[in-house]
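Have a look at the structure below before the remarks.
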Amino acid sequence: MSTLPLFVKYLIVAFVSMVPIIELRGAIPIAVSLGLDIRLYYPIAIIFNMLPVPVIYLFARKVLEWGKDKKIIGGFFTWCLEKGEKGGKKLMDTAGRTGVFIALLVFVGIPLPGTGAWTGTLAASFLNIGFGTSIVAIMLGVILAGIIMSLGSTIVKTLGWPGLIMLVILIVVIIIITTIIKKKLNKNKESIANNNLEEKI
């Protein structure tokens, strides 16, 4: 692939960014391995990862519902519906209705198996989250995923797999610390609310 014209390399990045499941998280490591300029491949990957999102939100659920009973495509369409439903349930279990914007952003932004813009958009449509809210949350999530994958791919290229393992450990630690802080803040809010209630009584 190193002998390919530069324009073709960027086209590959753009195309891979639009592929379901792979998306930007697969396109950026390819871009880094090809030695492409981050000032070009990063916005290209984000833009092309986001291109299918409005179409998925507006039409994918309807098409999947229509095709789930068809002979040839039924199995795949049913799998997509189940994936969207599971993604939606996971979002609601994590955040509830009030925190769903942040949950959707994180769901798309943290590059783990089963997450991403395609699944996040399907989940948003199943939960009937507003179109504008969904697009903004997913776009911010894609930007976050791009930053994480660019850092991870660069570290792997520079320091090898031990560097990537260190990055993953760092992300896990940050998530754990954030969760602990959030729980403490919620407890403090509950305590203040209970104290106010007792004072009124």
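The values are calculated or read from the model by the stated rules, or taken from the named source; none is laboratory data. All figures in this text were calculated on a predicted structure; none of them were measured in a lab. Don't worry about glycine lacking a Cβ; one is built from the backbone with ideal geometry, like all the others, and counts go over all protein chains shown.
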request  = Run down Gly146, Gly114 and say which single residue is in the same structural domain as Trp79 (by TED's automatic domain parsing), of a type outside the set (A, V, I, L, M), within 15 Å of the chain's Cα centre (by Cα) and at pLDDT 80 or above.
outcome  = Gly146
key: Residue satisfying all of: in the range 53-77; under 19 Å from Ala124 (Cα atoms) and surrounded by 15 or more Cβ atoms within 10 Å (Cβ to Cβ); modelled with the highest pLDDT among these   = Val53
query = If Ala137 passes every condition in (1) farther than 19 Å from Tyr42 by Cβ; (2) at pLDDT 80 or above; (3) exposed (fewer than 15 other Cβ atoms within 10 Å of the Cβ) but one, which one does it miss?
reply = (3)
query = Taking helices (runs of 4 or more DSSP H) that fall entirely within the range 19-133, which contain at least 3 residues that are in contact (Cβ under 8 Å) with a residue 24 or more places away in the chain and on the phi < 0 side of the Ramachandran plot?
reply = 23-33, 38-50, 74-95, 100-109, 117-126
note = Of Thr133, Thr154, Thr178, the only residue that is more than 19 Å from Ala27 (Cα to Cα), of a type in the set (Val, Ile, Thr) and in the same structural domain as Ile110 (by TED's automatic domain parsing) is Thr133
ask   = Going by the structure shown, is Gly114 in contact with a helix residue (DSSP H, G or I) (Cβ under 9 Å, 6 or more places away or on another chain), among the small types (Gly, Ala, Ser) and surrounded by 18 or more Cβ atoms within 10 Å (Cβ to Cβ)?
value = no
